[in-house]
Every structure is written in structure tokens, then in C-alpha cells.
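Here is the structure we will look at.
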Amino acid sequence: MDKIMRGVLRYRNVYRAQVAQEVRHLREHPETFHPEALWITCMDCRLLPSFQTQTRTGDMFVIRNSGNLIPHSMHCGEDLQVHPSCETAALDLCCRVAHINNVIVCGHSDCKAMNALYDIISSGSPPEKDGPLKMYLRRYAEPTLTKFETLIKSPKMQGPIQFDCSPALKPFRAFIDPEGVLNEKDKLSQLNVLQQMENLSSLRFLQDHLKQERVFPHAWWFHLDTGDYHIFDFKEERFIKLTDDNVETVLGLAAKASPTDNDKKGLLP
């Protein structure tokens, strides 16, 4: 607690006035308030979304949970009557109320939630011995588990894996780690990020927004050891590392791609 409290005091002494000024500016000039995205990521303490994206006050909404999961409609109901969740509430607030256009789901290497999910597969332990984390994963990461079993059986454990989204997004397929540099748990983590595209498209309250291209989903993955972001390219059917050399191309694909137009392919499904 000492580090946290002293950090609060350092914030007060160094940054508080600047942040307060930024908040006042957004309140007094609401026309300048244009958040870029809703960022859905893991709760892992090694992830610092604002720092690692260099975003500032008002740039991005952030929601975090164990494993960057979005519930599929089969778990919460298409109309959310079965089990409305924090994640679906955030999607409603950002996409339908605040008119945010981009939803970025970002997983990462050495994800403790994905390691626990992998243990469910490898250990074969019965559900009755699960703690709350594994119970949560068995329920909400069930589609990821199913696709990972398919990945295990594929040549060199690389896929391709098919993702069948709702009519709001066209289906896509993915090769997982075609370079063969990731361990099986990190392959599972990348697969899980892509599964959230399918889960997102299953939510009825978002389907019109997806069809009308008012909401664009993005699949990102962060490598903790290297500090690199990898973005899924739906044309190349794989994750590509974001670099100074390809950022303009990546931005161009993101701007032009349409999730409902089969003739336009890029970073959006």
C-alpha cells in the first residue's frame, strides 16, 4: 500500500492539475469529446492500456476482466434477459449511448486466465473441483475451448480455424502463429481474442450497428516480453506486428475495411 499511496501523492503534486484541466476542457467543450474506442482487455497488472497506447483523458473507454471475455449470447441471452453482464452494459453504454465506433479486444501473452483455461484442457480435472476462476472460464470461454480442440488437431497446431459470426459480420478464418514461435498457451490466448469477434456479433442489440458499419470490432494481442502489439489482419488471416513501417498500411486497412462488404478486406471482419 505504501507504493500506491505515495503514487497518489506524486500524482497530486505532478499531474493532478493537468488532468483536471483536461476534464474541465471536455466538460466546457463537449464538441471536442470524441473517444477513439472501447478497449476490452485483461485485468492483468502487467498491462497498462493508457500508457501502452499513449492515450490521454477522454481518448478511450476501458473495461477489464479475467481473460478479456465478451459473453456470447448463448450465455447471456440474445436480449440479455438471461444474464446481463458488465461487458454487455459497457458495450451498450459506449456503442449505443456514446456512439463509439471502435471496439478493440486485446489479449496478451502469459495470460493467467488463459493459462487456467489451458489447464482445464490439459488436466482433465472435473468441474466440481473448480474454483470461481475456472467456473467462470468454463462458462464464458466455452467457445474458445471448442475451437482450441480443433486447433490442436490441425497441422503444426496452426489452423486454419473458422469463425462463423452472425449475419452482422461475415465469417472469417485464422492461422494461429504460422511462424511457430508461440507456446500453446499463447496460441490459446490469440485464439481467444478472435473468438470475442464471434461473441460480439452474437449480441442482438449490436447487430444493427455492425450491419450499418457504426461499430467496428478489432482483435489485438500484446506480447509482454517484447512490448509489441499484434493486430489481426483479416486479409492475411493472421496477426501482424504493428511497426513504424506498416502503421500507415494498417491504418488504411482499418479505415477502408467493412464488416459487411465481401469485396473489402482488411483489419475488420
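The values are calculated or read from the model by the stated rules, or taken from the named source; none is laboratory data. Note that the structure is predicted; figures quoted are calculated from it, not measured. Virtual Cβ from ideal backbone geometry, glycine too; neighbours counted across all protein chains shown. With ligands, DNA and RNA removed, areas are computed over all heavy atoms of the protein, side chains included. Shrake-Rupley method; radii C 1.70, N 1.55, O 1.52, S 1.80 Å.
Filter the chymotrypsin sites (Phe, Trp or Tyr not before Pro) in region 1-69 to those in DSSP coil with at most 16 other Cβ atoms within 10 Å of their Cβ, and list the result. Walk me through the intermediate numbers first.
Details: sites: Tyr11, Tyr15, Phe33, Trp39, Phe51, Phe61; in loops: Tyr15, Phe33.
Listed in order of number, the matching sites are Tyr15, Phe33.
Of His230, His83, His75, the residue with the largest accessible area leads and the full order is His83, His230, His75 (1.4 Å probe).
Computed over protein heavy atoms with a 1.4 Å probe, the accessible surface of the chain works out to 53 Å² per residue. Each label point was placed 7 Å from the Cα along the Cα-to-Cβ direction; for Leu224 and Thr146 their separation is 2.9 nm.
Figure the gain on full extension for Asp244 and Glu179 (residue separation times 0.36 nm, minus the Cα-Cα span) and round it to one decimal in nm.
Values: separation 65, 0.36 × 65 = 23.40 nm, distance 2.08 nm.
Fully extending the segment from Asp244 to Glu179 adds 21.3 nm.
Ser122 sits with roughly 80 Å² accessible to a 1.4 Å probe, with DNA, RNA and ligands left out of the calculation. Remark: accessible surface ordering of Val250, Val19, Val181, Val14 (largest first) is Val181, Val14, Val19, Val250, probe radius 1.4 Å.
For region 44-193, what does the convex hull of the Cα positions come to per residue, in cubic angstrom? Working shown, then result.
Working: hull volume 21.0 nm³, N = 150.
For region 44-193, the hull spanned by Cα atoms encloses 140 Å³ per residue.
Across every direction, the projection of the convex hull enclosing the Cα atoms of region 141-213 has a mean area of 5.0 nm².
Once the chain from Ser125 to Thr32 is taken as fully extended at 0.36 nm per residue, the excess over their C-alpha distance is 28.2 nm.
Distances between placed amide hydrogens fall under 5 Å for Met60 paired with Glu36, all partners being 5 or more residues away or on another chain. Put simply, the Cα atoms of region 129-261 extend 47, 37, 27 Å along their principal axes, the longest span coming first. Counting only heavy atoms of the protein chains and using a 1.4 Å probe, Asp228 has close to 50 Å² of accessible surface.
Backbone geometry of region 122-132 corresponds, through the Karplus equation with coefficients 6.51, -1.76 and 1.60 at θ = phi - 60°, to 3J(HN,Hα) couplings of 6, 8, x, 5, x, x, 5, 9, 6, x, x Hz, x marking Gly and Pro. Solvent-accessible area of Thr226, all protein chains in place: 80 Å² (probe radius 1.4 Å, heavy atoms, ligands and nucleic acids excluded). Rounded to the nearest Hz, the phi-derived 3J(HN,Hα) couplings of region 96-103 under the Karplus curve 6.51 cos²θ - 1.76 cosθ + 1.60 (θ = phi - 60°) are 9, 8, 8, 6, 6, 8, 10, 10, where x marks glycine and proline. Taking 23 Å as the limit for the C-alpha separation, the pairs Lys134/Lys241; Lys134/Lys185; Lys3/Lys241 exceed it in the case of Lys134/Lys241; Lys3/Lys241. On the principal axes of its alpha-carbon atoms, region 1-133 has extents of 54, 41, 22 Å, going from largest to smallest.
Over the chain, Cα pairs under 8 Å with separation of 6+ residues give a relative contact order of 18 percent. Karplus-based coupling profile of region 196-212, in residue order and whole Hz: 5, 5, 5, 4, 4, 5, 7, 7, 4, 5, 9, 5, 5, 5, 5, 4, 8, with θ = phi - 60° in 6.51 cos²θ - 1.76 cosθ + 1.60 and x standing for Gly or Pro. From most to least packed by mean Cβ count within 10 Å, the peptides 239-248, 111-120, 171-180 give 111-120, 171-180, 239-248. Figure legend: label point modelled 7 angstrom from the Cα of Asp110 along Cα→Cβ; residues of region 208-237 with amide N under 18 Å from it are 221-230.
Rounded to two decimals, the Cα-based Rg/Rh of the chain, with Kirkwood Rh, is 0.97.
Remark: region 69-157 projects, on average over all directions, an area of 7.6 nm² (convex hull of Cα atoms).
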